[in-house]
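Enquirer: The structure's right below; bear with me while I get my questions together.
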Amino acid sequence: MDIVFINSLTIETVIGCLNWERKIRQRVILDIEMAVDCQKAAQTDNVVDALNYAAVSQRVVSFVQDSSFKLVETLAERVAEIILAEFTCQHVKIRLKKPGAIPEAQTVGVIIERLKTKP
């Protein structure tokens, strides 16, 4: 299996449990790895045979900007669900970082991996 990735996708959203966090937008940074078979795209050299990372990025940015979750875990889970449901990958790994959440740390966050379930 091959990996198509998007690194450091930076988006502003409402995220956090504290009252002040519910009133502001904060940055989250996503690294996304999607397992796909790239052979057909490599053979045809045609974007229609590839996992379109621009379309994935656009969809994720739109969703995250409009979201309002308390937990980074919930946001990461929803992003994984969208990617697996709407795009042709079989596995997704998401690293979601929330910079500035802890003054002593550059960033905090969560890493999740999900497999597409068969219908």
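Rule-based calculations on the coordinates, nothing more; no lab input. Remember, predicted model here, so these are calculated numbers, not experimental data. Glycine gets a Cβ as well: all are built from the backbone with ideal geometry, and neighbour counts include every protein chain shown.
Enquirer: From PHE63, PHE69, which residue is aromatic (Phe, Trp, Tyr) and in contact (Cβ under 8 Å) with a residue 40 or more places away in the chain?
Expert: Of PHE63, PHE69, the one residue that is aromatic (Phe, Trp, Tyr) and in contact (Cβ under 8 Å) with a residue 40 or more places away in the chain is PHE69.
Enquirer: When you scan the range 5-24, do you find a residue that is over 24 Å from ALA101 (Cα atoms) and either touching a strand residue (DSSP E or B) at 6+ places or on another chain (Cβ under 9 Å) or exposed (fewer than 14 other Cβ atoms within 10 Å of the Cβ) (or both), even just one?
Expert: Step one: list which residues in the range 5-24 are over 24 Å from ALA101 (Cα atoms), which gives 5.
Within this subset, residues satisfying the condition of being either touching a strand residue (DSSP E or B) at 6+ places or on another chain (Cβ under 9 Å) or exposed (fewer than 14 other Cβ atoms within 10 Å of the Cβ) (or both) are 5.
Checked the range 5-24: at least one residue is over 24 Å from ALA101 (Cα atoms) and either touching a strand residue (DSSP E or B) at 6+ places or on another chain (Cβ under 9 Å) or exposed (fewer than 14 other Cβ atoms within 10 Å of the Cβ) (or both).
Enquirer: Additional query: Determine whether the range 99-117 contains at least one residue that is in a helix (DSSP H, G or I) and out of contact with any Pro (no Cβ under 7 Å at 6 or more places or on another chain).
Expert: Within the range 99-117 (the criterion being in a helix (DSSP H, G or I) and out of contact with any Pro (no Cβ under 7 Å at 6 or more places or on another chain)), the answer is no, since none of the residues qualifies.
Enquirer: I'd like the full set of residues that are surrounded by fewer than 15 Cβ atoms within 10 Å (Cβ to Cβ) and either in contact with a Ser or Thr (Cβ under 9 Å, 6 or more places away or on another chain) or part of a loop (DSSP other than H, G, I, E, B) (or both), limited to the range 58-73. Steps first, answer last, please.
Expert: Step one: filter the range 58-73 for residues surrounded by fewer than 15 Cβ atoms within 10 Å (Cβ to Cβ), giving 58, 62, 65-66, 68, 70-71, 73.
Residues satisfying the conditions are GLN65, ASP66, SER68, LYS70, LEU71.
Enquirer: Further question: Can you tell me which of (1) in contact with a Phe, Trp or Tyr (Cβ under 6 Å, 6 or more places away or on another chain); (2) of a type in the set (Asp, Glu); (3) closer than 16 Å to PHE63 by Cα is the one GLU33 doesn't meet?
Expert: Evaluating GLU33 over (1) in contact with a Phe, Trp or Tyr (Cβ under 6 Å, 6 or more places away or on another chain); (2) of a type in the set (Asp, Glu); (3) closer than 16 Å to PHE63 by Cα leaves (3) as the failure.
Enquirer: Please work out if ARG27 is closer than 18 Å to VAL110 by Cα, touching a residue at least 12 places away in the same chain (Cβ under 8 Å) and surrounded by 11 or more Cβ atoms within 10 Å (Cβ to Cβ). Outline the logic, then answer.
Expert: Numbers: closer than 18 Å to VAL110 by Cα: yes; touching a residue at least 12 places away in the same chain (Cβ under 8 Å): yes; surrounded by 11 or more Cβ atoms within 10 Å (Cβ to Cβ): yes.
Judged against the criteria, ARG27 is a match.
Enquirer: Only one residue in ALA55, ALA85, ALA41 is touching a helix residue (DSSP H, G or I) at 6+ places or on another chain (Cβ under 8 Å), assigned to a helix (DSSP H, G or I) and more than 18 Å from GLU12 (Cβ to Cβ), so which one is that? Can you show your working first?
Expert: Values: ALA55 fails: touching a helix residue (DSSP H, G or I) at 6+ places or on another chain (Cβ under 8 Å); ALA85 fails: touching a helix residue (DSSP H, G or I) at 6+ places or on another chain (Cβ under 8 Å).
Residue meeting the stated conditions: ALA41.
Enquirer: Would you point out the residue of the range 1-59, among those that are basic (Lys, Arg) and over 17 Å from CYS89 (Cα atoms), that is farthest from the chain's Cα centre (by Cα)? Please lay out each step first, then the result.
Expert: Taking the range 1-59 as the starting set, the residues that turn out to be basic (Lys, Arg) are 22-23, 25, 27, 40, 59.
From what's left, over 17 Å from CYS89 (Cα atoms): 22-23, 25, 27.
Values: ARG22: 21, LYS23: 23, ARG25: 18, ARG27: 13 Å.
Among those residues, the one meeting the criterion is LYS23.
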